[in-house]
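Trainee: The structure is given below, and queries will be raised subsequently.
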Amino acid sequence: MNLIVDIGNTVTKLAIYKGREKISIYRINELSCEELEKKLSGYNISRAIVSSVKKLPPFISDLLLTNIPSVHILSHKSNLPFKLEYKTPETLGTDRIAAVAGAFNLFHGLEILIIDAGTAITFDFLSADTYKGGNISPGISMRFKALNKFTGKLPLISPTDNFISPGQNTIDAITAGVITGVTYEINEYIRTFEKKHTDFKIILTGGDSEYLKEKINHQLTCMPDIVIDGLNYILEYNAT
């Protein structure tokens, strides 16, 4: 069985695959050695892949390398099924690499715009077998936190659909400003993309994808777990 470890800025995802079949998936807010051992209990893991957008905790690599015969730490140097046209590949987030791999596996040969709405919002473009690059923008929660942190009186609030725009109170004004701002941004990215590319797929993923999907005025495929699917695909690709 394959173990997938996706360490994000906010949440860690663990997934177990049998070949390319997903068996189980866990989302963990605070990853610890005990929690990892508990989640893996009962599984006969032969291979693992790890993606981390921050410094990898030593206990994770120690635990995996001790108990699993083959462990792959994903990086820009990994053997990938597509080419990277990125001037600084060492700075490219492995979560972005994995999302592109997942898209490549599903829609091989197509042009694909991958929108990952998480802590940050990333826009990545895959053209056939070449990753062309992408953009990074603050995510929804980051925008709410920034308004609270860098002002004297604005409160910290959470996303909701229950707001009026234009806002007639401060809560609505912040909510409408952030949510409609993110929505306009994504819709405009897609609209601009359409001017240069007539036949392409749009994939929406990330923690806020379910919240945003009905607000996007374009046909898209919502795939919240494409990063872990992509990680498993890379693991299988390197095993062949």
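The values are calculated or read from the model by the stated rules, or taken from the named source; none is laboratory data. Because the structure is predicted, anything quoted here is derived from the model rather than measured. Here Cβ is always computed from backbone atoms with ideal geometry, including for glycine, and neighbour counts include all displayed protein chains.
Residue-wise test of (1) out of contact with any helix residue (DSSP H, G or I) (no Cβ under 9 Å at 6 or more places or on another chain); (2) basic (Lys, Arg).
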position	(1), (2)
47	no, yes
50	no, no
64	no, no
74	no, no
83	yes, yes
113	no, no
116	no, no
124	no, no
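Trainee: Give me the pairs, please: first residue somewhere in region 42-66 and assigned to a loop (DSSP other than H, G, I, E, B), second residue anywhere and among the charged types (D, E, K, R) and surrounded by 12 or more Cβ atoms within 10 Å (Cβ to Cβ), beta-carbon distance under 7 Å, and either six or more positions apart or on two chains.
Mentor: 53/95
Trainee: Further question: Just a yes or no: is a residue in region 143-164 under 24 Å from residue 191 (Cα atoms), within 16 Å of the chain's Cα centre (by Cα) and modelled with pLDDT of 95 or more?
Mentor: No.
Trainee: Additional query: Test residue 233 against the stated conditions and say whether it is closer than 24 Å to residue 109 by Cβ, at pLDDT 95 or above, in a helix (DSSP H, G or I) and under 20 Å from the mean Cα position of the chain (by Cα). It would help to see each step written out before you state the result.
Mentor: Working: closer than 24 Å to residue 109 by Cβ: yes; at pLDDT 95 or above: yes; in a helix (DSSP H, G or I): yes; under 20 Å from the mean Cα position of the chain (by Cα): yes.
In short, yes.
Trainee: Quick one: which of 127, 75, 158 is under 26 Å from residue 179 (Cα atoms) and touching a residue at least 12 places away in the same chain (Cβ under 8 Å)?
Mentor: Working: 127 fails: under 26 Å from residue 179 (Cα atoms); 75 fails: under 26 Å from residue 179 (Cα atoms).
Result of the check over 127, 75, 158: 158.
Trainee: Among the residues of region 86-105, write down those that are touching a residue at least 24 places away in the same chain (Cβ under 8 Å) and either buried (at least 24 other Cβ atoms within 10 Å of the Cβ) or part of a helix (DSSP H, G or I) (or both). Full working, then the answer.
Mentor: Step one: list which residues in region 86-105 are touching a residue at least 24 places away in the same chain (Cβ under 8 Å), which gives 86, 93-105.
Matches in region 86-105: 94, 95, 96, 97, 98, 99, 100, 101, 102, 103, 104, 105.
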